[in-house]
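The structure appears below as structure tokens.
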Amino acid sequence: MNYSNTKTITKNEFDTILKQFNKYTSIPVYIAKSTIHGSGFNSFILTDENRKLIIGYIKTKSGSIIDYNDAKLEKCDAIVIHEDTAVIIPYDEIKNNSIFPDLKQSFHENEDYRKREADYKYHFTDNETLIAKSSANPIDRQEEITITAIEYLGGNFPQSWLLQTQKDDYLYLRERSGSIRLLDGLDIDAELLFHAFIGREHPGTYLKEHEVIEIISSMDYINIVDDYDTKVPEEAHEEYWGDYLKDDYDNVLEL
């Protein structure tokens with residue numbers, strides 16, 4: 001996956017963050033990624049060009065008052081992932097470390113959501129910014145995707161699949177209680193290509209394997225070749241399960 005939300009820092013700055021990192025009790029990486037994914041904000045990467053940290057911000061309080069006059073600061077804890085370990089660093093430490101950015105609202109840039117690029121941005125001390133949450137601008141139509149292999153991984157909550165495209169890219173498909181998500185990559189931070197919720201009841205309509213495939217293939221921009229393979233290359237499995245090999249498989253399926 002081409003991850004654009006990246007900031008390069010110095011080796012000393014990276015080491016400073018690791019010192020903070022090592023003060024806290026670790027949490028499972030799959031829980032950290034799931035929490036970041038549900039936060040509503042994009043994660044970002046800090047790198048010294050040899051190592052990387054995946055960071056997600058979680059607001060300390062739910063809800064927010066929108067400020068159209070200023071870049072209002074949002075207080076957030078940080079989830080930090082380094083290799084196969086993750087920790088939560090509280091806001092009080094984040095605010096005292098100039099390497100971490102501030103998360104601020106961007107509504108003041110223009111009240112018209114169509115004329116601003118973001119609702120929230122990460123602000124670094126050198127004035128560089130990264131988008132934490134894009135505005136609701138209309139997006140370009142999705143490029144056409146041709147799928148050549150679909151491997152069913154099983155499960156019920158969720159059901160999941162690994163897919164291979166004609167360009168030899170890998171996609172992740174999951175369905176849970178009628179909610180279908182197709183991701184552009186095998187990581188939980190991957191871009192969402194397609195999302196649909198089928199049914200009006202809660203928790204949602206039970207969908208069979210073939211029904212999920214039929215639903216995604218009904219989109220104009222998603223094509224599935226007639227005699228698609230039912231297995232994807234082993235490297236896709238290695239990439240998908242890489243972060244979870246040390247975790248209990250049943251816990252992974254609960255994501």
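Computed quantities for the displayed model
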| read-out | value |
| --- | --- |
| Count - residues of the stretch 18-39 that are more than 27 Å from W241 (Cβ to Cβ) and surrounded by 14 or more Cβ atoms within 10 Å (Cβ to Cβ) | 1 |
| Complete set of residues in the stretch 166-186 that are among the polar types (S, T, N, Q), buried (at least 17 other Cβ atoms within 10 Å of the Cβ) and touching a strand residue (DSSP E or B) at 6+ places or on another chain (Cβ under 8 Å) | S179 |
| The stretch 224-255, residues that are modelled with pLDDT of 70 or more, surrounded by fewer than 11 Cβ atoms within 10 Å (Cβ to Cβ) and farther than 27 Å from E214 by Cβ | E234, E235 |
| Among the candidates F124, F157, F100, residue that is in contact with a strand residue (DSSP E or B) (Cβ under 7 Å, 6 or more places away or on another chain), closer than 21 Å to L192 by Cβ and of a type in the set (F, W, Y) | F157 |
| Any hit, the stretch 84-97, residues being part of a helix (DSSP H, G or I), surrounded by 17 or more Cβ atoms within 10 Å (Cβ to Cβ) and in contact with a Cys (Cβ under 8 Å, 6 or more places away or on another chain) | yes |
| One residue from A118, A86 being touching a helix residue (DSSP H, G or I) at 6+ places or on another chain (Cβ under 9 Å), under 26 Å from S34 (Cα atoms) and without any contact (Cβ under 8 Å) to a residue 24 or more places away in the chain | A118 |
| Qualifying residue in the stretch 56-66 (condition: of a type outside the set (V, I, T), in contact with a helix residue (DSSP H, G or I) (Cβ under 7 Å, 6 or more places away or on another chain) and in contact (Cβ under 8 Å) with a residue 40 or more places away in the chain) | no |
| Counted residues, the stretch 131-166 - those being modelled with pLDDT under 85 and among the β-branched types (V, I, T) | 1 |
| Verdict on V212 being modelled with pLDDT of 85 or more, β-branched (V, I, T) and either surrounded by 11 or more Cβ atoms within 10 Å (Cβ to Cβ) or closer than 28 Å to T35 by Cβ (or both) | yes |
| The listed residue being modelled with pLDDT under 90, of a type outside the set (S, T, Y) and not in a strand (DSSP E or B), out of R200, R174 | R200 |
| Residue within the stretch 71-80 that is on the phi > 0 side of the Ramachandran plot and either of a type in the set (D, E) or not in a helix (DSSP H, G or I) (or both) present | no |
| Checking E83 against (1) modelled with pLDDT under 90; (2) within 16 Å of T125 (Cα to Cα), the condition it does not meet | (2) |
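The values are calculated or read from the model by the stated rules, or taken from the named source; none is laboratory data. The structure displayed is predicted, hence computed values, not measured ones. Every residue, glycine as well, gets a Cβ built from its backbone with ideal geometry; the counts of neighbours run over all protein chains shown.
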